[in-house]
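Chemist: Input: one structure, supplied below.
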């Protein structure tokens, strides 16, 4: 009996149990705010082609009614819960800048122009379309996505909420020593989120391309009617926009260093910047104690932004 109690004490203090308790707390708060929640969401790692798991996926759907169509935003929260009780996260703040939603989003319209149109063109050439047909199709596709050179879904492509503290530099320490980047709980958690979102983006692109080009694979001759058919499918799929908002909830303290001062903060925004100055990816880091206040603030931010542009929340009903 004594051995059992000792085992229970050890387990209750373990990082595994701590993270599961956090997952339960986080899921509960999301459901209160009408997020559809999946605990233990599996995905295929794009780089290693292995099955992996992200702790929590929260989903909401928002609809904007237009004259002849609906624009649909699929809003996803991707969360990891990590325990690092004996360590502190210290960050160096940087100048505030609006974060681009692009790295954590998917929209088939992105593939109508710029450096991403290569992917769409490659698919068309492999299906047997000639250069002239591809050029005409891509021009009309671009006009669908960016009428009058304005992004078709600009109203619902919401940038992430501003943070009081934004950074691209952090350290993880227990005061006595500092963790290397590869050993950092914060870094490993952020990379897990990035891997999951990369997988979700790839799956979304694959689904869109299958929907748009699926039927044409069985047509031997690629006629103008075929191009018209593809553009009709494009005009449907182009009304869907996906945003994945990555959040790492950590059972640790977050600190901001400014000159000779150090201040404890509830959450901050990590913005990964490439050497050429481009913003590659972003993520929010939140302390366990601050998550409730943070998620209510984030929920209100998206809600207010979307209602302002005429969108409405669409609640998914579970079927028994």
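The values are calculated or read from the model by the stated rules, or taken from the named source; none is laboratory data. Bear in mind the structure is a predicted one, so any value in this text is a computation, not a measurement. Quick reminder, even Gly has a Cβ in these numbers, built from the backbone with ideal geometry, and neighbours come from all protein chains shown.
Chemist: Working carefully through the options 202, 229, find the one that is loosely packed, with under 15 Cβ neighbours inside 10 Å, touching a residue at least 12 places away in the same chain (Cβ under 8 Å) and part of a helix (DSSP H, G or I).
Modeler: Answer to the check: 202.
Chemist: What do you reckon, is residue 142 modelled with pLDDT of 90 or more, crowded, with 18+ Cβ neighbours inside 10 Å, under 26 Å from the mean Cα position of the chain (by Cα) and not in a loop (DSSP other than H, G, I, E, B)?
Modeler: no
Chemist: Continuing with the same structure: Condition first: at pLDDT 90 or above and under 23 Å from residue 92 (Cα atoms). Can you find one or more residues in the range 208-225 that meet it?
Modeler: The answer is no, given that none of the residues of the range 208-225 is at pLDDT 90 or above and under 23 Å from residue 92 (Cα atoms).
Chemist: Tell me whether the range 16-36 contains one or more residues that are part of a strand (DSSP E or B), farther than 14 Å from residue 247 by Cβ and at pLDDT 90 or above.
Modeler: Checked against the condition, which is being part of a strand (DSSP E or B), farther than 14 Å from residue 247 by Cβ and at pLDDT 90 or above, the range 16-36 yields at least one hit.
Chemist: Another question, then. What number of residues within the range 164-186 are part of a loop (DSSP other than H, G, I, E, B) and either at pLDDT below 75 or over 18 Å from residue 251 (Cβ atoms) (or both)?
Modeler: Going residue by residue through the range 164-186, those that are part of a loop (DSSP other than H, G, I, E, B) are 164-165, 174-177, 179-180, 184.
Checking the rest, the ones that are also either at pLDDT below 75 or over 18 Å from residue 251 (Cβ atoms) (or both) come to 164-165, 174-177, 179-180.
Summing the residues that are part of a loop (DSSP other than H, G, I, E, B) and either at pLDDT below 75 or over 18 Å from residue 251 (Cβ atoms) (or both) in the range 164-186 gives 8.
Chemist: Exactly one of (1) outside any loop (DSSP other than H, G, I, E, B); (2) modelled with pLDDT under 95 is unmet by residue 244. Its number?
Modeler: That leaves (2) as the condition not met.
Chemist: May I ask you to list the residues in the range 41-86 that are in contact (Cβ under 8 Å) with a residue 40 or more places away in the chain, in contact with a strand residue (DSSP E or B) (Cβ under 8 Å, 6 or more places away or on another chain) and not in a strand (DSSP E or B)?
Modeler: Answer for the range 41-86, where residues must be in contact (Cβ under 8 Å) with a residue 40 or more places away in the chain, in contact with a strand residue (DSSP E or B) (Cβ under 8 Å, 6 or more places away or on another chain) and not in a strand (DSSP E or B): just 45.
Chemist: Is it the case, given these coordinates, that residue 251 is in contact with a helix residue (DSSP H, G or I) (Cβ under 6 Å, 6 or more places away or on another chain) and not in a helix (DSSP H, G or I)?
Modeler: Working: in contact with a helix residue (DSSP H, G or I) (Cβ under 6 Å, 6 or more places away or on another chain): yes; not in a helix (DSSP H, G or I): yes.
Spelling it out, residue 251 is indeed in contact with a helix residue (DSSP H, G or I) (Cβ under 6 Å, 6 or more places away or on another chain) and not in a helix (DSSP H, G or I).
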